[in-house]
Every structure is written in structure tokens, then in C-alpha cells.
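Quick notes on the structure that follows.
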Amino acid sequence: MKITASAIGLLAAIPSVLGVWPIPRTLKEGSSNSEVWWVDIKPSGTVGPIVDNAIVRYQDLINKESFQSPVTWDVTQVSTSGSFGGVSVSVESTDETLNLDTDESYTLDVPVSGQATLKAKTPYGALRGLETLSQLVVTNGASKAIRNTPIHIEDSPFFPHRGLQIDTSRNYLPVSTLKRTIDAMSYNKMNVLHWHIVDAQSWPIESKTFPDLQKNGAYSAKETYSHAEVRDLIQYAKERGVRIIPEFDVPGHTYIVGKARPDLMSCMDIQPNWDQYAAEPPSGQLNIAKPETIEFTNKLVKEYTGLFTDNVFHLGGDEVNRKCWKEDPDVQKYLAAHPGEDVESLLASWYSKVHEYLGSLNRTAYTWEETLFHSTYEPPKDTIVQTWIDEQSIPKTVAKGYRSVASPANYYYLDCGHGAWLSNWAAGNSWCDPFKTWMKIYSFDPLANITDPAQQKLVLGGEALLWAEQSDETVLDSRLWPRAAAMAETTWSGKKDATGHVRTTEEVASRLHEQRFRLVGRGISAEPMQPVWCVRNPGHCNLP
């Protein structure tokens with residue numbers, strides 16, 4: 001056994017929970033260390049297929065993983081006074097329904113010696129508990145150990161929606177990359193993959209209703225997603241406690257539809273002054289004066305609500321350009337024949353018909369905030385509003401009685417800070433500069449400026465977002481992690497501890513370093529947060 005004097009002091013100051021990310025809501029721990037030679041995970045009673053599969057997965061992961069804390073790196077071994085005897089997993093219900101109301105709570109007890117117990121109300125609570133268990137086990141000489149036993153953890157999420165949005169239209173992401181991202185989400189107890197599948201630039205997903213959308217809209221025959229691949233991905237995510245919410249953004253951001261159905265479009269690829277007709281090139285929107293666009297959209301909604309199983313469906317609705325429609329001959333002709341109407345009333349009617357149809361399919365609409373704030377349309381009250389323009393959109397949304405998913409661009413947009421991507425703008429910056437550090441992300445509180453408890457309950461959680469103008473599979477991991485993990489903790493654990501203390505980035509940095517190194521060990525190419533010297537010397541790299 002080799003323990004340096006400095007390491008003894010460090011170990012005394014740092015509890016075992018240092019290695020758990022997100023931090024559990026309630027933790028009690030002792031002062032012993034338990035030796036671990038082999039982790040044997042057994043179900044207690046019937047636990048269902050998802051937990052059965054997770055037991056196999058986590059038993060393999062824990063027994064093969066050789067994780068040593070980057071903070072206590074010079075401690076090769078600690079003395080142990082007990083022996084870990086495996087873990088028994090039980091669930092109250094084997095119902096595998098996964099939605100916004102799913103209970104993810106769990107209780108984990110690890111004695112000094114003997115068998116640990118993991119109890120949960122649902123399979124998904126068991127998944128979260130298994131992840132916590134995996135983070136408690138660390139390398140200890142020739143064996144492994146769980147430090148500071150006995151440990152008692154009672155844990156549950158602060159918010160029910162802890163999401164990550166990825167974009168596969170600007171640049172394609174292979175299914176294997178999506179699965180790796182889902183793995184990383186599960187390691188951080190995130191539970192919603194918001195899949196922005198299509199946009200103006202490409203349509204990679206198969207459509208059986210309109211096959212030419214993928215045929216004419218995918219970047220290549222290899223850069224596509226079949227129905228079978230999507231179904232497999234949905235099940236893969238469910239096995240890890242992750243819901244997949246698809247987004248089909250309408251009526252804006254739809255240039256690519258025009259490659260298959262030009263008859264449905266307005267302002268297709270206006271050049272060179274595209275900026276007058278779209279937020280980014282290429283321009284093109286569904287023509288809201290044509291009833292055929294509603295029929296087309298509803299057929300797509302019908303197809304994809306049949307493919308995607310989640311009861312929430314994202315309809316987009318952001319960044320529509322009025323000039324595009326005001327200059328369209330079909331829109332002008334329609335308005336001339338209907339003198340009581342204008343573009344705003346046309347848009348509100350269009351939204352209404354699409355949202356009404358989605359509701360008839362027993363799906364809840366998820367939409368960008370412009371649908372609520374930048375149009376005269378009043379969505380149904382069960383609509384979930386993604387608030388992104390700034391943090392003030394959140395209290396404004398819940399004040400109107402709508403549920404909000406916090407996604408403020410000035411905190412949660414992970415693509416910001418990489419410069420302009422327009423080829424002739426050498427001096428340009430990204431519109432949402434600067435780069436959002438993990439500390440900036442961690443500092444945000446979705447409940448800020450909301451004092452009414454009833455309105456606070458309308459905040460469902462948050463989403464970190466990566467738009468893909470400048471990212472693909474080669475850089476995805478480093479753009480997402482560990483920054484998305486910062487949001488994962490604040491939405492799982494909340495901003496405050498049990499005493500009401502607001503956690504600071506200085507206090508949590510060592511734990512996030514651990515999580516980043518753990519992710520790298522698990523095949524996730526998470527970027528470093530600091531030089532390794534700073535990791536090994538907590539508190540020595542702070543601003544005076």
C-alpha cells in the first residue's frame with residue numbers, strides 16, 4: 001500500500017460522492033472502505049427486460065472498467081475493512097412506459113461488508129441507480145474499492161426533462177454516433193434526446209409517404225436513416241432511459257422539401273440576398289396560402305407519429321420569414337381574394353390546423369417559442385414551449401400558463417463561439433458568441449425570476465443544444481461533453497443542496513473532472529476542462 005501524506009489529507013477532505021455525477025439529492029456515508037473483487041448484480045424478483053439487460057450491461061462495464069480518480073491520482077491503494085458482496089436490484093413495477101411522468105427515483109445502500117441493495121419504483125429508477133453504483137467503484141491496487149462505506153443514497157431528479165438536442169440536417173451523424181451520444185447521456189442521467197432530424201439543408205430520414213423527400217433531400221444514399229434504423233435507435237435509447245422526441249420543423253426551414261415538392265414552396269433559394277428571406281441559407285418555406293401544404297404536413301405528422309413512439313412531437317415553428325410570404329404570388333392572390341386576412345392570420349390558421357391534427361393523434365405539441373410569442377396563434381395549453389431566445393422567455397412562458405423547457409441561447413447553445421461559417425465573412429463571428437463554457441452553463445438556473453410555486457412547476461427542465469453548421473461525427477463528442485454534463489447536474493440535482501446552498505463551479509469542478517475522465521474511459525471523447533496540473537491541484541487554478 002502506498003499513500004502519500006498529501007493524499008491522506010486530500011482523501012480526508014473529499015467524500016466518495018466526489019466521483020458521482022450528477023450529485024445525489026441525499027447521501028449519508030461512513031468512514032470505512034470496502035474491497036471489491038467482482039461486482040455481481042442480481043435481480044430480486046421480476047424486474048423486466050430493460051432492467052435485466054441493464055444488469056448485464058452494468059456488470060460488464062463495472063468489472064471491466066479500471067477508473068482512477070484524476071484528483072487522487074497518486075493514491076495507488078487505500079486500506080479496506082470490508083468486502084463488497086454484490087448488489088440486489090428490485091423494482092416495485094415492471095411497467096416500462098417512459099414519458100414525462102416516469103418515476104426515476106431510487107435508493108441505494110452499500111454496507112461495509114455484504115450485499116448492497118438497489119430499490120426503485122420503476123425500471124428507469126433502477127437504471128439511474130446502477131449508473132450511480134458504477135461511479136462509486138474505483139481502482140484500488142490489484143482490486144477495486146468503494147470508499148466511505150456504509151453509503152445510503154436516496155435520489156430522484158429535480159426536473160423531469162433533462163435533454164440534449166442534436167441536429168442531423170446541417171451535417172449527418174451516423175447511427176453509431178447517435179448511439180454513443182445516448183450512452184453518454186445515460187452516464188449523466190439525461191433522459192430526452194431531442195432529434196432535429198431535418199432542416200433546410202437535408203432530409204436524411206426515410207419517408208414512406210413521400211419517398212422523394214429522402215431520395216432528393218439526403219446528402220447521399222449512405223447518409224440516411226431508414227424506418228428500421230429509427231425503430232432500433234428508439235429501443236436502444238429506451239433501454240438506457242432516454243426518450244427520443246423528433247422534430248420536423250414547419251413551416252419555415254423547409255427549402256429541402258422543395259427538392260421533392262416545389263409546388264408547395266415559397267421563396268426558394270433566393271440569392272444573393274438570402275438574408276432577407278431566411279435566418280440562414282438556403283431560403284424556402286411552405287406556402288401557407290396553399291391548402292396542399294397543410295395536407296402534406298399532416299400526412300408527414302401521421303407517418304412520423306406512427307414511427308416515433310413518444311407522446312411528445314416537436315413541430316418547430318421558429319424563424320418564419322414574413323417577407324417570403326408577402327412577396328409570394330400565391331399568397332398575394334389569396335389575400336386579394338380575402339380582404340379581411342393578412343399573413344399573420346394565414347399563419348395562425350395554418351398553425352391551428354396542424355396543431356389540431358397532431359392533437360387528434362393523441363400527441364402533445366412541442367414548439368419553439370416564436371409560435372407563442374411571435375404570432376397571433378394561441379396554442380393549446382398542453383403545448384410545451386421551448387424557450388431559447390433569452391432567459392426571460394422562461395418566466396414569460398409560464399406566466400401565460402404554458403409549460404417551458406429552458407434552452408436559452410446565451411447559456412445552453414453549445415455551437416456558439418466557433419466563428420462565422422459564411423465563406424466570405426472573414427471578420428465575422430457566430431451570432432451567439434461567445435463560447436459557452438461549462439461554468440457558464442452550470443451557473444444558469446431555469447427557475448430564476450420565477451417566484452410563484454405554481455409557475456415554477458411549469459418549468460419542465462432544460463435542454464443543451466448543438467446546431468450542426470460546424471460539427472459532425474468527427475467533433476461531436478468534444479462539442480457536447482463535458483459541457484452538456486454541467487446542465488445534466490443542475491437539472492437532475494437542482495441548483496441548491498439540501499441546506500439551500502447554491503453550488504458553485506469551484507465546488508463542483510473536481511467532480512466534473514472525474515466525470516470527464518470517466519467518459520473518456522468509456523469511449524466518449526470529452527474535451528479537457530483544464531491542464532492536468534490544475535486537475536491534480538484543486539483550487540490552485542482559481543482567479544485570485
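Values as computed for the structure displayed
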item: Inter-label distance for GLN470 and SER66, nm, one decimal - labels placed 7 Å from Cα along Cα-to-Cβ; result: 3.9
item: Charge dipole magnitude, Cβ of K and R +1, D and E -1 - region 472-544, Cα centre, debye nearest 20; result: 180
item: Where the chain is the region considered: accessible area per residue in Å², 1.4 Å probe; result: 39
item: Relative contact order of the chain, pairs being alpha-carbon contacts under 8 Å that are 6 or more residues apart, as %; result: 15
item: Rel. contact order, % - alpha carbon contacts under 8 angstrom, at least six apart, region 148-207; result: 44
item: In degrees, nearest ten, helix 343-360 long axis to first principal axis of the chain (Cα); result: 50
item: 0 to 90° range, to nearest 10: angle between helix 175-187 axis and the chain longest Cα axis; result: 50
item: Which of ILE288, LEU61, GLN271, positive extreme of dipole for the chain (C-beta unit charges); result: LEU61
item: Helix 227-238 axis, angle to the chain major axis (alpha carbon atoms, nearest 10°); result: 40
item: Shape box of region 169-494 [Cα atoms, principal axes, largest first, Å]; result: 56, 49, 47
item: Label point distance in nm, ALA498-TYR219, each placed 7 Å from Cα along Cα→Cβ; result: 4.9
item: Cα-only radius of gyration and Dmax that characterise region 26-155, units Å; result: 14.7, 45
item: Candidate lysines for bridging to LYS290, where Cα separation is under 30 Å - those fewer than 8 sequence places away on the same chain excluded; result: LYS208, LYS215, LYS259, LYS299, LYS302, LYS323, LYS326, LYS333, LYS353, LYS381
item: Ratio Rg/Rh, restricted to region 196-242 and using Cα atoms, in which Rh is the Kirkwood radius; result: 1.04
item: For the chain, share of DSSP beta bridges that run antiparallel, in % to the nearest 5; result: 35
item: Per-q log10 I(q)/I(0), the chain, q = 0.07, 0.12 Å⁻¹ (Debye; single scatterer per alpha-carbon; no solvent); result: -0.43, -1.14
item: Charge dipole (the chain, unit charges on Cβ, about Cα centre) - positive-most of THR254, GLN201, TYR442; result: TYR442
item: Lys, Arg +1 and Asp, Glu -1 on Cβ, resulting dipole of the chain about Cα centre, debye, nearest 20; result: 1280
item: Selected from THR102, MET185, PRO123, residue furthest toward positive end of dipole (region 90-219; charges at beta carbon); result: MET185
item: Hull shadow area, averaged, region 79-165 [alpha-carbon convex hull, nm²]; result: 7.0
item: Distance between region 481-544 and region 190-218 - C-alpha centres, whole angstrom; result: 35
item: Percentage relative contact order, region 422-544, counting C-alpha pairs under 8 Å, at least six apart; result: 25
item: Helical contribution to [θ] at 222 nm, DSSP H n ≥ 4, -39,500 (n - 2.57), averaged over the chain, rounded to 500; result: -9500 deg cm²/dmol
item: Rh by Kirkwood over Cα pairs, then Stokes-Einstein D for region 150-266 at 0.692 mPa s and 37 °C, µm²/s; result: 212
item: Sulfur and carbon atoms: percent of accessible area, the chain [1.4 Å]; result: 51
item: Burial order of peptide ranges 502-512, 438-448, 308-318 (average beta-carbon count within 10 Å, highest first); result: 308-318, 438-448, 502-512
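The values are calculated or read from the model by the stated rules, or taken from the named source; none is laboratory data. Quick caveat, the model's predicted, so the values are computed rather than measured. Cβ sites come from the backbone with ideal geometry, for glycine too, and all protein chains shown count toward neighbours. Surface accessibility is based on the protein's heavy atoms, side chains included, excluding ligands, DNA and RNA. Shrake-Rupley method; radii C 1.70, N 1.55, O 1.52, S 1.80 Å.
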